[in-house]
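Structure first, commentary second.
The values are calculated or read from the model by the stated rules, or taken from the named source; none is laboratory data. Every value quoted in this text rests on a predicted model; they were computed, and no experiment measured them. Glycine gets a Cβ as well: all are built from the backbone with ideal geometry, and neighbour counts include every protein chain shown.
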Amino acid sequence: MKVTEAKFVISAVHPDQFPQDGRPEVAFVGRSNVGKSSLLNALLQRKRMAKTSGTPGKTQTINFFDVNGAIYFTDLPGYGYAKVPKKVKEHWGRVMTAYLATRKTLRLVVHLVDARHPPTDKDLDMLALLDRAEVPTLIAATKIDKLKRSERARNLRTIRKTLGLDEDALIIPFSAVSGEGVRPIWQVVDAVTK
């Protein structure tokens, strides 16, 4: 899809704030600081559409972005390390779980994992939640540019094995620096939102 228009719509904290026009949605999930905002900005061809931060836990709401007036991208709070009170984390967890498990317009979840490290228990928990919700899921291995050539294949195999994925499950290496992975991710998004 060629992005001709992309705009922020709303930061939602309750389901009654979610858009109700029935357009397909693609959600982006991953642990704190995995690169969700950088991936969104690369896909939308905008430098600062989604706010990036070196501080984990910056995204604290479900942020909806209108793409070409046709679909929504949703940026969900990162899980894991956020320096926020426990009650806030619990609220995020409830809102995210409700969104991922019940949202009828959700067509795909792009689950980001850091290519430099094996997936965490929280990554496995998220994948299990998506599996239970029967949401189509694409794995994007972020920060791939930070690996040496010799490390790439090994780390991608580790991700596949740790997440328990079949050999034919698609894992797309992604780099916000080089743009690697943008086109293949768009191909999957296009296929599920038409």
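Mind listing just one residue for me: the one in the stretch 119-158 that is of a type in the set (Gly, Ala, Ser) and without any contact (Cβ under 8 Å) to a residue 12 or more places away in the chain and, of those, farthest from residue 180 (Cα to Cα)?
In this case the residue turns out to be 128.
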Taking the residues in the stretch 30-78 that are outside any helix (DSSP H, G or I), at pLDDT 90 or above and among the small types (Gly, Ala, Ser) as candidates, determine which candidate is surrounded by the fewest Cβ atoms within 10 Å (Cβ to Cβ).
69
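Can you say whether residue 142 is polar (S, T, N, Q) and touching a Lys or Arg at 6+ places or on another chain (Cβ under 9 Å), as far as the supplied structure shows?
In short, yes.
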Those residues of the stretch 122-163 which are more than 17 Å from the chain's Cα centre (by Cα) and not basic (Lys, Arg) amount to 145, 147, 150, 151, 153, 155, 156, 158, 162
Need at least 2 residues that are polar (S, T, N, Q) per element, so show me which strands (runs of 3 or more DSSP E) inside the stretch 87-194 make the cut, counting only ones lying wholly within it.
137-142
Out of 149, 116, 154, 160, which single residue is among the charged types (D, E, K, R) and at pLDDT below 95?
149
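Okay, residues lined up against (1) within 21 Å of residue 38 (Cα to Cα); (2) out of contact with any Lys or Arg (no Cβ under 9 Å at 6 or more places or on another chain):
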{"site": "76", "(1), (2)": "yes, no"}
{"site": "103", "(1), (2)": "no, yes"}
{"site": "109", "(1), (2)": "yes, yes"}
{"site": "116", "(1), (2)": "yes, no"}
{"site": "120", "(1), (2)": "yes, no"}
